[in-house]
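Take a look at the structure below.
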Amino acid sequence: DGGITQSPKYLFRKEGQNVTLSCEQNLNHDAMYWYRQDPGQGLRLIYYSQIVNDFQKGDIAEGYSVSREKKESFPLTVTSAQKNPTAFYLCASSIVDSLAQETQYFGPGTRLLVL
Amino acid sequence: ILNVEQSPQSLHVQEGDSTNFTCSFPSSNFYALHWYRWETAKSPEALFVMTLNGDEKKKGRISATLNTKEGYSYLYIKGSQPEDSATYLCASSNTDKLIFGTGTRLQVFP
């Protein structure tokens, strides 16, 4: 089955600990994205990568880090510097079609709870 | 408009009713408008991507229109069914990233 997987579905961590969220895709998409969702807000972009070994900060990158060593994988690390890490995190990948229109495909998300 | 705004925030309709909701977006530097359906416990699913002023797209009972000059898009659902219950997200893009609205949560009662 082709798709995007995120693991785990739920994650609990103590305050002050770094935690890494996994995102894997087998769709052969070049671009990958990390979003955060908080109650009452739209999805906000944390980081994105349009090609292997390259990534850019999104709108709320502070306290997060990413790597893109392989096309299929785009892990997100929530560091202790992130002041409000408890949230729902969505990963996406995208492809541009023959009409130059991009569609993003989303994973099922990881809910992170920091105690 | 500086952000992407969706209205209403939530909507409750009876099975068989038709419904529509709105997405407003900045008309400057516009590239494309995306609609997604997000069912509970599932991943957001792409419905439509529209780029040209006046675009209309249809998928079954769901259709969408786009006005890039005034910066709005409508999503219509004809004859709502309980399985249409979901949050409908719209997102406006420039060339490299999407800006999402907060969504319209639709509940269809049998």
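The values are calculated or read from the model by the stated rules, or taken from the named source; none is laboratory data. Every value quoted in this text rests on a predicted model; they were computed, and no experiment measured them. Cβ coordinates were reconstructed from backbone atoms using ideal geometry, including for glycine residues, and neighbour counts include every protein chain displayed. When the accessible area is computed, the model is the full protein with side chains, heavy atoms only, and any ligands, DNA or RNA have been set aside. Shrake-Rupley method; radii C 1.70, N 1.55, O 1.52, S 1.80 Å.
Would you mind stating whether A:Asn53 is more than 11 Å from every other protein chain (Cβ to nearest Cβ), over 25 Å from B:His34 (Cβ atoms) and touching a Lys or Arg at 6+ places or on another chain (Cβ under 8 Å)? Criteria met by A:Asn53.
B:Phe30: open to solvent by less than 70 Å² (accessible area, probe 1.4 Å) and in contact with a Leu (Cβ under 8 Å, 6 or more places away or on another chain), yes or no? It is false that B:Phe30 is open to solvent by less than 70 Å² (accessible area, probe 1.4 Å) and in contact with a Leu (Cβ under 8 Å, 6 or more places away or on another chain). Determine whether the stretch A:15-37 contains at least one residue that is touching a residue at least 24 places away in the same chain (Cβ under 8 Å), among the aromatic types (Phe, Trp, Tyr), surrounded by 12 or more Cβ atoms within 10 Å (Cβ to Cβ) and away from every other protein chain (no Cβ under 11 Å). Yes, that holds for at least one residue.
Candidates are the residues of the stretch A:56-88 that are open to solvent by less than 30 Å² (accessible area, probe 1.4 Å) and within 14 Å of chain B (Cβ to nearest Cβ); the one that is farthest from A:Gly42 (Cα to Cα) is A:Ala61. In the stretch B:72-100, of all residues being modelled with pLDDT under 95 and either assigned to a loop (DSSP other than H, G, I, E, B) or among the aromatic types (Phe, Trp, Tyr) (or both), the one that is surrounded by the most Cβ atoms within 10 Å (Cβ to Cβ) corresponds to B:Phe100.
Annotation: of all residues in the stretch A:39-50 being open to solvent by less than 80 Å² (accessible area, probe 1.4 Å) and at the interface with another protein chain (Cβ under 10 Å from one of its Cβ atoms), the one that is farthest from A:Arg68 (Cα to Cα) is A:Gly40. Of the candidates A:Arg111, A:Arg68, the single residue that is closer than 18 Å to B:Pro44 by Cβ and in contact (Cβ under 8 Å) with a residue 12 or more places away in the chain is A:Arg111.
Name the residue that is modelled with the lowest pLDDT, counting only residues in the stretch A:89-115 that are in a strand (DSSP E or B) and exposed (fewer than 15 other Cβ atoms within 10 Å of the Cβ). So the residue we want is A:Val96.
Taking the conditions (1) closer than 22 Å to A:Leu99 by Cβ; (2) assigned to a strand (DSSP E or B) in turn, B:Gly54 satisfies each one other than (2).
Note on the stretch B:57-71: residues that are of a type in the set (D, E, K, R), assigned to a loop (DSSP other than H, G, I, E, B) and under 28 Å from B:Ser28 (Cβ atoms) total 2.
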